[in-house]
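Here's the structure, in structure tokens; my notes come after.
The values are calculated or read from the model by the stated rules, or taken from the named source; none is laboratory data. This is a predicted model, so every value here is computed, not measured. Glycine also receives a Cβ, built like all others from the backbone with ideal geometry; neighbour counts cover every protein chain displayed.
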Amino acid sequence: MIIYVILLFPLLLVQGCSEPSEPVGKIQSETAGIPEASHPPSLQLTASAQAQIKTALVENRMLSQAIVAPGGVALDLGRIAKVSSRLEGQVEEVFVQLGNHVKVGDPLLAIVSLKLDELVQEFLVSKVQVDLRLANFERTKKLHGEQIVSERRLMEDQAQYFEAQAINQHVTEKLQNMGLLKKDLDELLHSHTMEGHRYIIKAPLTGTISEQTVVLGQGVSPGDHLFEVVDTRQVWVFANLPIEQAQRFNEGDRGTILAKGREPIEAPLAYISPVADKATLTIQLRFDVDNRQGLLKPHEYVEVRLEEGEASILAIPVTAPTLVEGVRGVFVKDDNRYRFIPVKLGQESEGWIEVIEGLTTGDEVVIEGVFDLKNALLKDSIAGD
């Protein structure tokens, strides 16, 4: 029994026409249903319908070969700062909040601390001692030059001056480690106000406040985590490749980061792990990515593409393949008939896709009108049922 199916081609619609288009031809099916590999169905078109179909030959082409691997975006560890207090105290003022952008040296919060008061007192006392011991040593040195005091007295006064100097330097370094600058210490020497005794925690790098765990009035202890500052202007992208693939690349090679909905980003391969993962036997690769435009977000998933050069491969245009009831294949023209042939495909490159199985050089595949042929095949299958 011969089954006739009407195939409508959208390409034949006339712009501005208000009346529905008429069928342009009949398609004859020799086999109902989706094909067995050895008995693919074929569709026969009228001459007018065939005119709307465009085909291309399966051929060997020189195409760039690439490895595409799943990857993940991570923060550059050199651009993360965990901010904590070095003294016990109470938060008196918070200058920033979550999401704020800060520069190196910007104040984050102020802490009042009894320990700081003690250090400031030590600093002031030690500075007085240095000045006193220096004056005493200078006087003794003058008297020794006039042979009024002994050499022993001179050495004792010199030792006392050096000792006072060492104590003052030690206390000064403690205060500097808390973030006090030389100008802050000079102000302490000329001012005894409480403003000078506040412990100001400052931003250690330029970036964004990504975590905040402190509020006004909160008591803090040394080591308490208060803020996290991250600089996302450069990020890391990690990908894992099988050992045999990873060995084809070297540090300095260029990769392309592919994030959904965004422009591809080129980045250098900065690190290849010398150790394979025990579970997967893969090698980790790291790319240093310029992210000043903020296109990549830490912890998101991306794809990484690594070029391997060009090779001659059997290929068809990317518009040829289609899925019919879960089977991937193409329509091949044979005289005025069109057969659906299942195929196994490989990598896509430059508008072409690699053919691994199912086609040979010279086969003529449909590249325009695939959707209409697919609809006709499915309607034929339903009619056959």
(request) Using the structure shown, decide if residue 70 is surrounded by fewer than 17 Cβ atoms within 10 Å (Cβ to Cβ), over 30 Å from residue 228 (Cβ atoms) and either modelled with pLDDT under 50 or not basic (Lys, Arg) (or both). (result) no
(request) Working carefully through the options 69, 110, 74, 81, find the one that is in contact with a Phe, Trp or Tyr (Cβ under 6 Å, 6 or more places away or on another chain) and among the small types (Gly, Ala, Ser). (result) 74
(message) Quick check on my filter: what residues within the stretch 300-343 are within 30 Å of residue 248 (Cα to Cα), in a strand (DSSP E or B) and in contact with a Gly (Cβ under 6 Å, 6 or more places away or on another chain)?
(response) 301, 302, 304, 306
(request) Specify the residue that is farthest from residue 284 (Cα to Cα); the eligible residues are those in the stretch 220-252 that are buried (at least 16 other Cβ atoms within 10 Å of the Cβ) and of a type in the set (Asp, Glu). (result) 228
(request) Specify which of the listed residues (311, 315) is surrounded by fewer than 16 Cβ atoms within 10 Å (Cβ to Cβ), in contact with a Ser or Thr (Cβ under 9 Å, 6 or more places away or on another chain), within 26 Å of residue 69 (Cα to Cα) and among the hydrophobic types (A, V, I, L, M, F, W, C). (result) 311
(message) Take the residues in the stretch 170-209 that are among the charged types (D, E, K, R) and surrounded by fewer than 12 Cβ atoms within 10 Å (Cβ to Cβ); name whichever of them is modelled with the highest pLDDT.
(response) 173
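Residue-wise test of (1) in a strand (DSSP E or B); (2) of a type in the set (Val, Ile, Thr).
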residue: 97; (1), (2): no, no
residue: 105; (1), (2): no, no
residue: 109; (1), (2): yes, no
residue: 117; (1), (2): no, no
residue: 122; (1), (2): no, no
residue: 127; (1), (2): no, no
residue: 136; (1), (2): no, no
residue: 140; (1), (2): no, yes
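Yes/no per residue for (1) surrounded by 12 or more Cβ atoms within 10 Å (Cβ to Cβ); (2) at pLDDT 95 or above:
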{"position": "262", "(1), (2)": "yes, no"}
{"position": "273", "(1), (2)": "yes, yes"}
{"position": "278", "(1), (2)": "no, no"}
{"position": "291", "(1), (2)": "yes, yes"}
